[in-house]
1. Report the dimensions of segment 51-123 along its three principal axes from the alpha-carbon atoms, largest first, rounded to Å.
2. Using a simple spin-label model with points 7 Å from Cα along the Cα→Cβ vector, what separation in nm is obtained for residue 292 and residue 232?
3. How much length, in nm to one decimal, is gained on full extension between residue 174 and residue 9, taken as 0.36 nm per residue of separation minus their Cα-Cα distance?
4. Let me check I have the definition right: for the chain, take the eigenvalues of the Cα gyration tensor, multiply each by 5, take square roots. What are those semi-axes in whole Å, largest first?
5. Counting other Cβ atoms within 10 Å, which chymotrypsin sites (Phe, Trp or Tyr not before Pro) in segment 12-53 have at most 16 and lie in a DSSP loop?
6. With a cut-off of at most 16 other beta carbons within 10 Å, and DSSP calling the residue loop, which GluC sites (Glu not before Pro) in segment 37-142 qualify? Please list them.
7. Classify segment 1-140 as rounded, prolate or oblate from the Cα gyration tensor: take a ≥ b ≥ c as the square roots of its eigenvalues, call it rounded if a/c is under 1.5, otherwise prolate when a/b beats b/c and oblate if not.
8. Which residue, 214, 190, 24, tops the fluctuation ranking in a GNM of the chain built on C-alpha contacts under 10 Å?
Amino acid sequence: MIDEKSNNQPIIDKYGRKHNYLRISLTERCNLRCSYCMPENGVILKEKSKYMTSEEVIDIAKVFVNLGVTKIRLTGGEPLIKKNVDKIIIELSKLPIELSITTNAVNINQFIPILKKAKVKSINVSLDSLKEERFNKISKRNYFQRVVSNIKLLIKNNFNIKVNVVLIKGINDDEICDFINWTIQTKINIRFIEFMPFDGNNWGWNKKISYNEILRKVEKNYGSEGYIKINDNTNYTSRNFKLKGSKGSFGIISTITNPFCDSCNRIRLTADGKIKNCLFSQNETNLLSALRQKRDLEEIIRKSIDSKHYERGGNISFEKLTEKTIKNRPMITIGG
Ligand code: SAM
Ligand code: SF4
Ligand code: SF4
């Protein structure tokens with residue numbers, strides 16, 4: 001649904017940040033139950049009509065592309081369990097955008113032909129442990145072997161793979177160097193993500209591993225001469241490094257202790273069609289109802305981005321946050 005009236009001006013917020021990256025959550029459901037993402041008792045799903053259909057996802061995406069969005073990432077819940085996800089991938093690939101996906105890779109082997117057809121080049125896969133028992137404990141399912149063999153399959157099929165590792169103190173922080181060792185012979189990018197607070201995920205300051213802690217471990221293991229800083233992309237979220245002589249690289253995403261809001265270009269669209277202008281914003285804008293009422297989406301989108309806070313959803317007392325004062329959706333209903 002390209003709006004003929006649109007002035008095609010990019011979406012720029014009041015801090016001058018151009019928003020050209022849309023992350024679309026396709027579903028709140030998942031085939032895993034990662035403890036840091038899905039609340040212990042799950043989430044109460046809404047009736048089906050409250051979620052975007054595949055046609056509505058495509059219609060809304062087209063409006064954003066008309067407003068200068070050049071990159072779309074599909075996420076979830078688990079995006080690859082959305083009904084008709086293959087149709088969404090193919091239709092979005094016809095737009096002038098870079099299309100990518102964040103997935104747990106449990107069933108991605110069935111989608112390789114579609115992803116190739118859609119010219120998807122880069123895939124982010126979540127894997128929080130290289131130990132089978134531990135991975136299965138964190139994700140509360142038994143798919144370790146499948147995920148690992150699917151990552152290998154993706155690499156064999158020439159996709160660029162980033163592996164997302166959410167580090168939690170006492171759970172998997174002893175594996176930092178094991179993950180980095182994987183990059184020595186494999187062209188893979190490991191991204192250590194700081195554990196972030198969302199409803200129902202038992203977050204606490206004492207469970208986070210900071211940027212400096214990770215680098216201290218790296219220095220201790222490989223020496224200060226053993227690794228180098230490499231370039232961060234524009235609008236980066238991750239600070240990147242590599243071991244000298246390694247094929248792959250590793251990065252650190254530290255939204256809490258070292259945020260990167262000054263170059264934020266991200267807009268999130270939840271599976272129930274709400275714009276979340278920041279991962280931590282408490283206000284949402286219902287784009288799906290507006291679409292169904294045939295209202296002007298461009299104006300609504302611009303207004304939402306215009307109200308975006310400079311940093312972390314305006315949560316200025318972030319440092320004082322405790323698990324009891326978190327007010328946000330569970331991560332599984334946002335999409336990372
Ligand atoms: N199911 C897909 C997956 O796991 O890759 C896509 C959705 S998942 C919500 C997107 C990303 O968010 C994953 O890389 C996951 O590790 C990350 N994530 C979820 N909860 C998080 C938390 N509390 N802190 C940091 N990252 C989190
Ligand atoms: Fe599912 Fe991804 Fe959340 Fe794990 S992180 S529960 S795989 S949505
Ligand atoms: Fe952007 Fe919000 Fe994340 Fe900062 S916290 S980088 S403003 S989404």
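The values are calculated or read from the model by the stated rules, or taken from the named source; none is laboratory data. Keep in mind that this is a model prediction, so the values were computed, not measured. Every residue, glycine as well, gets a Cβ built from its backbone with ideal geometry; the counts of neighbours run over all protein chains shown. Please note that ligands, DNA and RNA were not included when accessible areas were found on the heavy atoms of the full protein model with its side chains. Shrake-Rupley method; radii C 1.70, N 1.55, O 1.52, S 1.80 Å.
1. 34, 27, 16
2. 4.1 nm
3. Length difference between fully extended and current span is 54.6 nm.
4. Semi-axes (√(5λ), whole Å): 31, 23, 21.
5. Filter output for segment 12-53: 15.
6. Those that pass, being in a loop and sparsely packed, are 40, 47.
7. prolate
8. For the chain, modelled as a Gaussian network with Cα springs under 10 Å, the answer is 214.
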